[in-house]
Amino acid sequence: MLTVSVKWQKEVFPNVEIDTSQPPYVFKCQLYDLTGVPPERQKIMVKGGLLKDDSDWSTLGVKKGQKLMMMGTADEIVKAPEKGPVFMEDLPEEEQVVALGHSAGLFNLGNTCYMNSTVQCLHSVPELKSALVKYSQSGRSNDVDQSSHMLAVATSDLFNDLDKSVKPVAPMQFWMLLRKKYPQFGQLQNGSFMQQDAEECWTQLLFTLSQSLRTSNASENADTVKALFGIDIVSRTHCQESGEESSEAESVYSLKCHISQEVNHLHEGLKHGLKSELEKASPALGRSAIYLKESRINGLPRYLTIQFVRFFWKRESNQKAKILRKVDYPLELDIYDLCSEDLRKKLEAPRKKLRDEEGKKLGLKTSEKSSSSKDNDVKMTDAEGSTSNGSGESSSVATSQDGKNLYNPPDICSITLVSSSLGELGKYFLMSGNSCGLVNLPRTLQYIFTYTLDLVNVFSLKTSMKVLSTIQHALFFLLFDCLLCTSGVTSDPDQDTHLTGVYDLVAVLTHKGRSADSGHYVAWVKQESGKWIEYDDDNPIPQREEDITKLSGGGDWHMAYICMYKARNISI
């Protein structure tokens, strides 16, 4: 064992022991502990040059008390963090809510899942929360009864508790006032509170809030709830026997999706809901007659509520039975074709601007004729062929910036055209990183392309050209719908915002079970971050967006009972 001294920079380390039975690398590790210079950076001068990691000490001639010189740069000393790690549970509760990204759940107080799911869905409407805060601060007006006032204040307090709490909230005060205002929610069976219909709770709560939040201030909207949820309907009632005809207007808070054997999609159910047959007395005939009632939407809300009419009264069992049929619903809903002619005219300009702005992002420009045409506002499924010129041939509806036709005439149409159209559409989604909410879009594009190949193989070229022309036109409208889905248009508070007739799904209230008076209700709510949370009473669970549209029914699993859509606006 030798003892030497080592000089490094201005420091000298005396009495450093060298174990000659170990390789020099062990000595370097000792110096690393003293100086902080890693062994690979150390340059130690010995007889014959630099000390190597595997040198033989017996050949180096190192003597006891010898002074060795070392050069090298030490590692930077790691400083202790100015602020230590902070754990989630140590944060203030309000900061924990922000970190979680969603609000708290609600305790089930005994068959109150219908109430909890309703509250969670309505809690997702920021405009309603702001109106309730103003109301609780301003106080009760003279034309509002005490029970409605107290329920509105309790709703505001409950919303506030949900925003500030991480742990589940017990809505005891709200539940007590809800039962006081509407005694049917306090019905008992065998000493326990009965399960109730979530749609009835939703309707009654909105009615109460509409009464409480009305204001006489001319600078504000007189009816906040109507502005948020109210749907203006115009109806025409006609009797074919007598020729009698009448019209009426009304305002409702939700549309009904009627379910029958012919209904497979939400849009079909809405159309059925806007048509009905009535039997009533006819003054002209002097007896009962059948009247056909056809309705159209004449005023759109910011939040569109749709109820799936899944429950009906079954006389045999004397109870509400449930329709389990699967009815698909989209993440983006366009209700332009359900609107009245007057409303369609109002929607044309906002929809045109939205279409043009998104077209520019793709480097497309729409011709003046096709931009101003109402036919561009129909859905893809309603498209029947492309526009025609004077010679009867199909003409292009859009051009790229370099002047090339996006859609060629049928006489030179080919599979390459459709393939490139699909490719451009797919490339747009890859570049934007946005799935557009159309979960089955890639599958749809693949299906169209495969269908095109089969078409040319089976039919004549002339027949194929005609159908391919229709496919081109359909692709144009598919592209337009996708642009609407990914618009992301922000609203400038200094400009007027206009509705486009396009809505995004923001909340789903589901029911699991066979009867309205039993089973279980759950809320599925989209957060401001875009993430979906399943609120199963006091248990919030993150969910994937593609799983939300799977709640369409067809079995005993959770199925959509109420859907709430948020309007996509544009500033003009």
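The values are calculated or read from the model by the stated rules, or taken from the named source; none is laboratory data. This structure is a prediction, so every number in the text was calculated from the model and none was measured. Positions of Cβ are backbone-derived with ideal geometry, glycine not excepted, and every protein chain shown enters the neighbour counts. Note: accessible area is taken over every heavy atom of the protein model, side chains too, but ligands, DNA and RNA are not part of it. Shrake-Rupley method; radii C 1.70, N 1.55, O 1.52, S 1.80 Å.
Values as computed for the structure displayed
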read-out: Enumeration of residues in segment 186-216 that are touching a residue at least 40 places away in the same chain (Cβ under 8 Å) and farther than 25 Å from VAL133 by Cα; value: SER192, PHE193, MET194, GLN195, GLN196, ASP197
read-out: Hits in segment 253-268 (condition: among the charged types (D, E, K, R) and part of a loop (DSSP other than H, G, I, E, B)); value: GLU262
read-out: Residues satisfying the stated conditions in segment 240-249, i.e. open to solvent by less than 80 Å² (accessible area, probe 1.4 Å) and free of Cβ contacts under 8 Å to residues at least 40 places away in the same chain; value: SER246
read-out: Verdict on ARG179 being more than 30 Å from the chain's Cα centre (by Cα), on the phi < 0 side of the Ramachandran plot and free of Cβ contacts under 8 Å to residues at least 40 places away in the same chain; value: yes
read-out: Filtered residue count, segment 193-206, keeping only those that are of a type outside the set (Asp, Glu) and either at positive phi or part of a loop (DSSP other than H, G, I, E, B) (or both); value: 3
read-out: Number of positions in segment 282-300 that are closer than 30 Å to HIS498 by Cα and either among the basic types (Lys, Arg) or surrounded by fewer than 16 Cβ atoms within 10 Å (Cβ to Cβ) (or both); value: 3
read-out: Within segment 269-305, tally of residues that are out of contact with any His (no Cβ under 9 Å at 6 or more places or on another chain) and farther than 26 Å from TYR329 by Cβ; value: 13
read-out: Which numbered condition PHE311 misses (of (1) without any contact (Cβ under 8 Å) to a residue 60 or more places away in the chain; (2) more than 28 Å from GLY501 (Cβ to Cβ)); value: (1)
read-out: In segment 523-549, the residues that are surrounded by 14 or more Cβ atoms within 10 Å (Cβ to Cβ) and over 23 Å from SER165 (Cβ atoms); value: GLU545, ILE548, THR549
read-out: Count of segment 226-239 residues which are open to solvent by less than 60 Å² (accessible area, probe 1.4 Å), in contact with a Ser or Thr (Cβ under 7 Å, 6 or more places away or on another chain) and more than 21 Å from GLU199 (Cα to Cα); value: 4
read-out: Matching residues, segment 24-57, being among the polar types (S, T, N, Q) and assigned to a helix (DSSP H, G or I); value: GLN30, THR35
read-out: Pick from segment 250-264, criterion free of Cβ contacts under 8 Å to residues at least 40 places away in the same chain and charged (D, E, K, R), ranking: surrounded by the fewest Cβ atoms within 10 Å (Cβ to Cβ); value: GLU262
read-out: Those residues of segment 318-340 which are open to solvent by 20 Å² or more (accessible area, probe 1.4 Å) and in contact (Cβ under 8 Å) with a residue 24 or more places away in the chain, in sequence order; value: GLN319, LYS320, LYS322, ILE323, LEU324, ARG325, LYS326, ASP328, PRO330, GLU332, ASP337
read-out: Within segment 30-66, considering residues that are free of Cβ contacts under 8 Å to residues at least 24 places away in the same chain and β-branched (Val, Ile, Thr), the one farthest from VAL4 (Cα to Cα); value: THR59
read-out: Strands (runs of 3 or more DSSP E) within segment 514-572 that include 2 or more residues hydrophobic (A, V, I, L, M, F, W, C) and either closer than 30 Å to ASP356 by Cα or touching a residue at least 40 places away in the same chain (Cβ under 8 Å) (or both); value: 520-526, 559-571
read-out: Single residue of ALA507, ALA474 found to be of a type in the set (Gly, Ala, Ser) and at pLDDT 90 or above; value: ALA507
read-out: Selection from segment 1-32 of residues that are within 60 Å of the chain's Cα centre (by Cα) and closer than 16 Å to THR73 by Cβ; value: TYR32
